[in-house]
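These notes are about the structure you will find just below.
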């Protein structure tokens, strides 16, 4: 699998898939609070997507972001930013679902599941290996038209 440099990605094309008010949602949810004046929302989102979309570790994400001149931050700072962005990312997903005719319904059972997995291996040639799965459910239903 080939991984591209973040600076070479077609950011304008990717932004065309975002809801038109994605920056405002960042302000409302306070995910952009504390973002320095010399930092852009686009670079911030691109850095988050390197980790979330490409599956890079926190350390690899910050190295790639630094190399692409997107952000200068540590892996701990990225983790804090990611935690701070939880509501923003959730609202972005909800807005994208609504564009597709899906709305959240609090009383229904989970029908959409997001699953992430990682491998943990003991050091050495004969170290045991475990795969850890994490899943997050959300309640969604198709809006009737």
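So, R0 is 30 Å and r is the distance between the beta-carbons of residue 128 and residue 79; what FRET efficiency does that work out to, to 0.05?
On the way: r = 27 Å, r/R0 = 0.89.
So the FRET efficiency works out to roughly 0.65.
What is the extension gain from residue 12 to residue 60, computed as 0.36 nm multiplied by their sequence separation minus the C-alpha to C-alpha distance, in nm to one decimal?
Numbers: separation 48, 0.36 × 48 = 17.28 nm, distance 2.36 nm.
So the chain would gain 14.9 nm between residue 12 and residue 60.
Sort the following peptides by mean Cβ neighbour count (other Cβ atoms within 10 Å, averaged over residues), highest first: 71-84, 44-57.
Working: 71-84: 14.7, 44-57: 18.1.
By packing density, highest mean first, the sequence is 44-57, 71-84.
Sort the range 45-108 into rounded, prolate or oblate with this rule: let a ≥ b ≥ c be the square roots of the eigenvalues of the Cα gyration tensor; rounded if a/c is under 1.5, and if a/c is not under 1.5, prolate when a/b is larger than b/c, oblate otherwise. Provide the component values of the computation, followed by the final result.
Values: a/c = 3.17, a/b = 2.36, b/c = 1.34.
It is prolate, given that a/c is not under 1.5 and a/b is the larger ratio.
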- request: Quote the FRET efficiency, to the nearest 0.05, computed for residue 87 versus residue 119 with a Förster distance R0 of 22 Å and r equal to the Cβ-Cβ distance.
  value: 0.15
message: Can you tell me how the range 1-100 classifies by the Cα gyration tensor, rounded, prolate or oblate, using a/c under 1.5 as the rounded cut?
response: oblate
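If neighbour count is taken as other Cβ atoms inside 10 Å, put 130, 11, 22, 88 in order from fewest to most.
Working: 130 9, 11 15, 22 18, 88 22.
Ascending number of Cβ neighbours within 10 Å: 130, 11, 22, 88.
FYI, it's all coordinate maths here, none of it is from the lab. Bear in mind the structure is a predicted one, so any value in this text is a computation, not a measurement. We place every Cβ from the backbone using ideal geometry, glycine too, and count neighbours over all the protein chains shown.
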